[in-house]
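The values are calculated or read from the model by the stated rules, or taken from the named source; none is laboratory data. Quick caveat, the model's predicted, so the values are computed rather than measured. Quick reminder, even Gly has a Cβ in these numbers, built from the backbone with ideal geometry, and neighbours come from all protein chains shown.
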Amino acid sequence: MITNATHQPAQQHASGTWKLQPGQAMTLRPRQNGELLIVHGAVWATLNGPHEGLGSGPLGDLHLQPGERLQLNAGRQVVLEPIVSGQFGQATTPEVNFSWEYTPASWKASVAEPADDLTRALHEARVAFARLVRGLVAWSGERIAPAAARP
């Protein structure tokens, strides 16, 4: 049986260390960017979307071993579950210890990446608008041309 615990740090710069027992799951919903560090044991980490493409960032499910770190941006969510011995070919201890540390916002994460996202979205909107105009012109031309061709 899996029990659920939710942790959402209330303090802006809170950090801490937690334990997960076998059969437990914990959801982290950080309010600020931070880093998860697996100290002891191994976890199955399930990230919410949007999932990034190969090579550009983490996908939905990850198996994290001791010493591995996972960067999480504010607003993302991760569900952590201990990996028990033998699961996924892992030989691990059943208890998991992990820590969470907030990281200060960087220029890249706070400004540059959202600006890049907006630039891409505006480009896609411009392309879609041009396709719409071409479609309307072609459609209206088809509707007018047959009437003009009648004697």
Exercise for review: Determine whether region 114-128 contains at least one residue that is outside the structural domain of Val39 (by TED's automatic domain parsing), within 23 Å of Gly34 (Cα to Cα), in a helix (DSSP H, G or I) and at pLDDT below 90.
Suggested key: yes
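Can you name the residue in region 76-113 that is assigned to a loop (DSSP other than H, G, I, E, B) and under 23 Å from Arg31 (Cβ atoms) and is also modelled with the highest pLDDT among such residues? If you could, list the steps in order and put the result at the bottom.
Applying the first criterion (assigned to a loop (DSSP other than H, G, I, E, B)) to region 76-113 yields 76-77, 83-86, 90-95, 103-106.
Still in the list and also under 23 Å from Arg31 (Cβ atoms): 76-77, 103-106.
Numbers: Arg76: 85, Gln77: 88, Thr103: 82, Pro104: 78, Ala105: 72, Ser106: 75.
The residue in question is Gln77.
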Check your understanding: Quick one: what pairs do we get from region 111-135, first residue touching a residue at least 24 places away in the same chain (Cβ under 8 Å), second of a type in the set (A, V, I, L, M) and assigned to a helix (DSSP H, G or I), C-beta under 8 Å, 6+ apart or different chains?
Key -> none
Study note, to complete from the structure: Checked pairs for region 21-48, first farther than 20 Å from Ala109 by Cβ and hydrophobic (A, V, I, L, M, F, W, C), second in a loop (DSSP other than H, G, I, E, B) and at pLDDT 90 or above, C-beta under 6 Å and 6 or more apart or across chains, list as Ile38/Pro66; Ile38/Glu68; Ala42/Gln65
